[in-house]
Amino acid sequence: MKLNRIALAVLVAAPLSVAVHAETTGLGVTVTPMVGYQGFSGDSRQELGFAPKGDVVGAIALGYELTPSLSVEAQYNDSRNEAGVGAGTADGSARSLEGNFLLNSDIITGDYAGNFKPYVLVGAGQQNLKYGNAKSRDTIVNAGLGAFYRINEALALRVEGRGVQNVDHDLLDWKALTGLQVTLGGHKRPYVAPAPVEVPPAPAPYVAPAPVVVPVPAPVELTEDLKLELRVFFDTNKSEIKKQYQPEIAKVADKLKEFPNATAEIKGYTDSTGPRKLNDRLSQARAEAVKTSLSTDYGIDAGRLTAKGYSWDDPVASNKTVEGRALNRRVVAVILGSRTVTK
């Protein structure tokens, strides 16, 4: 009955986790195919007419992250094994349908961007055993420990061991499972409210200065310098320019037209996710996208523009956080030039 007490403790803690992380981001839907081994308690089912033997078990779990630390899963398990029946054996099956809660280490560490995440599992369900004419339908309670290793935002390796308490017959069985978890729509993250906007103080009343008579200077030729910087940010694994950055590109194009001898160096960057060769190509594609937009959409001579990708070199923020990686997925264009004007 120790498993029942552990399950009750975690179920009591679950609403506290929901309260702590009430506002979150990310869809947090998970699908996890798993395989492992299911073991049974000795010959303790002889009073039912059979004694199941341990064997390979397959499982599929559909889950939802309630908070960054707490998730719930519906899991189906299927094992085709045999059991001792009387003096012989009979082929049969052990199947179960369970509902489980998983509480991971984020609730203590607060390391929501980390890759390694141990967890505690508790839950309950129903198990059906059938071997020849002998069968049993029992209520079960699960409790166990496991760990995730997140390969990236969508994939994670999962390993766990659990005890399975058969409530109807007071038996303790066990399972060991491993699988690959697929997360749809991103993991849940704590909601971070934007910083409040500071309202500047009202300016002092304007007092017009006394008129000053200034002699009109003779026209002179002056050199006016141009120095602009353009920043465009991109979604993960994308090189398409978002509509929200087109006005910024248009402003740069207008200045390039005003300064016909100005040139632009366009640098593309990525975050540190994925292999280097892929990020080399992706950063180059982002730089080329901005160059093409200036040339095709706004009529800037392509000979005045250079584009080069720098992969994840020169990050402007940490690649260990979602926000930092978003700032690193960028294109920076530095525009320099001058023109002669008469004043």
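Is the stretch 280-290 home to any residue that is under 18 Å from Asp314 (Cβ atoms), part of a helix (DSSP H, G or I) and basic (Lys, Arg)?
Within the stretch 280-290, one or more residues are under 18 Å from Asp314 (Cβ atoms), part of a helix (DSSP H, G or I) and basic (Lys, Arg).
Those residues that are in contact with a Gly (Cβ under 8 Å, 6 or more places away or on another chain) and either loosely packed, with under 12 Cβ neighbours inside 10 Å or assigned to a strand (DSSP E or B) (or both), I need them from the stretch 226-248; list them, please.
Matches in the stretch 226-248: Leu226 only.
Check Val122 against each of (1) touching a helix residue (DSSP H, G or I) at 6+ places or on another chain (Cβ under 7 Å); (2) closer than 23 Å to Arg80 by Cβ; (3) β-branched (Val, Ile, Thr) and name the one condition it does not meet.
Failing condition for Val122: (2).
Between a first residue in the stretch 97-119 that is in the same structural domain as Thr67 (by TED's automatic domain parsing) and of a type in the set (Phe, Trp, Tyr) and a second residue that is assigned to a helix (DSSP H, G or I) and modelled with pLDDT under 90, which pairs have beta carbons less than 7 Å apart while being 6 or more apart in sequence or on different chains?
Partner pairs satisfying both residue conditions: Phe101/Val10; Phe101/Leu11; Phe101/Ala14; Tyr112/Asp106.
Cβ-Cβ under 6 Å, sequence separation 6+ or interchain: first residue in the stretch 175-201 and within 16 Å of Glu323 (Cα to Cα), partner of a type outside the set (A, V, I, L, M, F, W, C) and in a strand (DSSP E or B). Which pairs?
Lys188/Thr24; Lys188/Glu65; Arg189/Thr25; Tyr191/Thr24; Tyr191/Thr25
Within the stretch 261-277, which residues are among the β-branched types (Val, Ile, Thr), under 18 Å from Leu228 (Cβ atoms) and buried (at least 17 other Cβ atoms within 10 Å of the Cβ)?
Within the stretch 261-277, just Ile266 meets the criteria.
Of all residues being surrounded by fewer than 22 Cβ atoms within 10 Å (Cβ to Cβ) and of a type in the set (A, V, I, L, M) in the stretch 62-76, which is farthest from Asp91 (Cα to Cα)? Just the residue, please.
Leu66
Examine the stretch 41-49 for a residue that is in contact with a strand residue (DSSP E or B) (Cβ under 7 Å, 6 or more places away or on another chain), within 19 Å of Leu155 (Cα to Cα) and touching a residue at least 24 places away in the same chain (Cβ under 8 Å), and state whether such a residue exists.
Looking through the stretch 41-49, none of the residues is in contact with a strand residue (DSSP E or B) (Cβ under 7 Å, 6 or more places away or on another chain), within 19 Å of Leu155 (Cα to Cα) and touching a residue at least 24 places away in the same chain (Cβ under 8 Å).
Taking Ala147 as the residue in question, decide whether it is under 27 Å from the mean Cα position of the chain (by Cα), surrounded by fewer than 19 Cβ atoms within 10 Å (Cβ to Cβ), modelled with pLDDT of 90 or more and part of a strand (DSSP E or B).
Considered against the rule, which asks whether it is under 27 Å from the mean Cα position of the chain (by Cα), surrounded by fewer than 19 Cβ atoms within 10 Å (Cβ to Cβ), modelled with pLDDT of 90 or more and part of a strand (DSSP E or B), Ala147 comes out as yes.
For the stretch 153-184, how many residues meet the condition of being in a strand (DSSP E or B), more than 34 Å from the chain's Cα centre (by Cα) and among the charged types (D, E, K, R)?
Residues meeting the conditions: 1.
Let me spell it out: the conditions are (1) part of a strand (DSSP E or B); (2) buried (at least 22 other Cβ atoms within 10 Å of the Cβ); (3) not acidic (Asp, Glu), and Asn81 meets all of them except one. Which number is the exception?
Going through (1) part of a strand (DSSP E or B); (2) buried (at least 22 other Cβ atoms within 10 Å of the Cβ); (3) not acidic (Asp, Glu) one by one, Asn81 breaks only (2).
Looking only at the stretch 296-331, which residues are touching a helix residue (DSSP H, G or I) at 6+ places or on another chain (Cβ under 9 Å), outside any loop (DSSP other than H, G, I, E, B) and surrounded by 15 or more Cβ atoms within 10 Å (Cβ to Cβ)?
Matches in the stretch 296-331: Arg304, Leu305, Ala307, Gly309, Arg330, Val331.
Could you count how many residues in the stretch 243-292 are under 23 Å from Val322 (Cβ atoms) and either β-branched (Val, Ile, Thr) or touching a Pro at 6+ places or on another chain (Cβ under 9 Å) (or both)?
Residues in the stretch 243-292 being under 23 Å from Val322 (Cβ atoms) and either β-branched (Val, Ile, Thr) or touching a Pro at 6+ places or on another chain (Cβ under 9 Å) (or both): 5 in total.
The values are calculated or read from the model by the stated rules, or taken from the named source; none is laboratory data. What you are looking at is a predicted structure, and each value in this text was computed from that prediction instead of being measured. Virtual Cβ from ideal backbone geometry, glycine too; neighbours counted across all protein chains shown.
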